[in-house]
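Laboratory data are not the source of any read-out in this text; all were calculated from the coordinates shown. The model shown is predicted, which means the values in this text are computed figures rather than measured ones. Positions of Cβ are backbone-derived with ideal geometry, glycine not excepted, and every protein chain shown enters the neighbour counts.
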């Protein structure tokens, strides 16, 4: 299905749904949403949990609707904020800065703030993405703005459903209007998690899972106004030079047609069996103060549901009975321990309905070559337990128990993960990272073997994150 | 004066002051302070501004009391927060985790969250410091805690006046009490800005300024309980291994007597001429819900005022008339441009009363060797304009204008700075960075020379930050 058909399809679908969720009430962006609309979002999340085959009264996910609603609300609070309120009172008179241009008058020059850390919800798939924002402006009218206000204004627009280029444009335009400088330029470097390619039955060792999320989709965008607008302009050269001091290189433009990986999902009407879930997502958009009929949002409910359905309960049959020990040529033996390191995985946090992903390291005792388990089998076990609503602690335990049931003597499992729900708190572009460890059988008493295995992980060059 | 005398001195001073600020009302930590107490803090900040020789009605600093009060209040909001409220509802039942120890039952193992980014106000000097926090715990009682709650509990204690070791102890003890796990361990890596050594008249080129803030004071601390308490314990080994995966090495303990550099300031009663300012700071401590008579806080008002007084208006006489052009052997000439790169500076942001610091790069046209200005003179100019309440834009302009008045033909000045007020928003340990540029005379039209100079900065290995 081509892009045009795609659009036609999502438009049809959206029209069908608009009756359900009452999108003709015309709730646009800008007005502060009512606090009670969190309840509506919570109800919609319950529909999503049911669609995933879960009991929303189960202890672990009982408060998930509350948490998801809160995260969506906090992450889109920019709809209720006004740039004027932020900038007002933070414009300071400074001598020597003329009205018209940067260094007219001699010394009023470019001001650049680099490495402002933000995050947004992607308007195409509703997953959060991470942003490094760099802003330059040339003061005019004998006034400068408090430096922290640049990041606060940027955050007003980041806290909406966004696309990198529109976000850059909105920040740039708001600063131009509110500060009235000689020029503004905004550069964003954005990182979006990968989507799993397709759902495969990857318990077949001949076709190991593609369900990996290594690396990020990266996009750099730029938006400029005033004297910073023209490429090759001297002020613009200065701006790019000052970014380069911190290792920030501005691409000439991304070659991606769509930056969000969900946009390359094939849509098919026949595949849409989750219309209740799709309606629920459309109603969330509306509760957040968005218009689900806005062109860019038309396919969003479908894409978000498509993503969620990767983690439907029991979507994989437990075919682990077929698990066999077989001889392979493996160089990864240390002492009597066989190690499989850096097995990639992606799972879905049941507390926040957001992915966590990373690598699994497995070690087990194995004296003979016949006792080695093929890497693809272990990967299948990881995939099986990852593809559902999870918590990292339980995932670690389940993988360990399953392998222990086969190998008997002793197993150690370490799971290292980034939780996307941590993006909003994060340092770097990935936030903090979580490690869990499960130890069974002889590993619990054999400290030397355990230390050897952990040391081996340290040495392996894990490229996750 | 030795440490003991120091303590006696601050105790005496504190007793004298306690009458002024009414510290006998017994305001301890824990109770939510009244909102109107922000007004008291604002009044105290006005006293500080007056003590610095400033007019607190001046446009640029009119709202500084408001901003400083808000920053102190936000940065100490942990006094009003309860760990119980955070953890309640975030303890999830998980099978397989026994009551007593980590891998009893086979699989209940260590959970580690690494690289939680926090900041605190230093209880010794009231400047913020930056923290990377790493927490490990071993679930017990068949329940795990939501991962994000570990960082939220840590933040409750970070948002108080703190010292690294006490912060680690308080986080550890709160988690042990609220989650009741088999054990908890907390590792903090903390960074504190350097203090300028002493106030010198550094306009004497024979004794260039020591007023530099390169590098950070770093301290690593650890606090543990339960089965993670004993060094050499197997669980503890696991914890240290999982930290090592992310390059985190736990020191065996810092050798610093005091980690805050202000603690090595020599105190002398004769030097205390700012008793109104010191009383004002003591009243701020009280408004924040602290007890200014708490042992660790006794010298804090003195130290904070001592720090502020580095930036008293006109503390340096403008001796720039003595500025001379003189011949030196300098290899830093590119074309007809002479460059002085990476001149360190520290200044004080007049909007937040917090330092910003970094490096200044200066370029100017100079055809003959006799026209070269000695580096120490340029450094003196930088120091002269840095040592007062400033904004980075003005500092840049003033340095450019002063040098232009001597060299005539053309000057370019670039200032790169970290603003400590950005620590609270920051990625990495330093937050975002700000660059400003001023261009005068022929540099404004000579794009080639400007590009050459900027390129040269990129290539110089600035070690600031």
Extended-chain gain in nm, criterion 0.36 nm per residue less alpha-carbon gap, residue A:295 and residue A:143: 50.8 nm
Sorted by Cβ neighbour density within 10 Å, fewest at the top, the residues A:250, B:362, B:221: A:250, B:221, B:362
Efficiency of FRET between residue A:313 and residue B:56 - r from beta-carbon atoms, R0 60 angstrom, step 0.05: 0.45
Stokes-Einstein diffusion coefficient of region A:354-405, Kirkwood radius over Cα pairs, 20 °C, 1.002 mPa s, in µm²/s: 178
Extension gain (nm, one decimal) between residue B:180 and residue B:266, 0.36 nm per residue minus Cα-Cα: 26.5 nm
Label geometry 7 Å along the beta-carbon vector: residue B:231 inter-copy distances in nm: 6.1
Inter-copy spacing of residue A:295 label points, which lie 7 Å from Cα along Cα→Cβ, given in nm from shortest upward: 6.9
Label distances, nm, residue A:336 versus same residue in remaining copies, Cβ-directed 7 Å point: 8.2
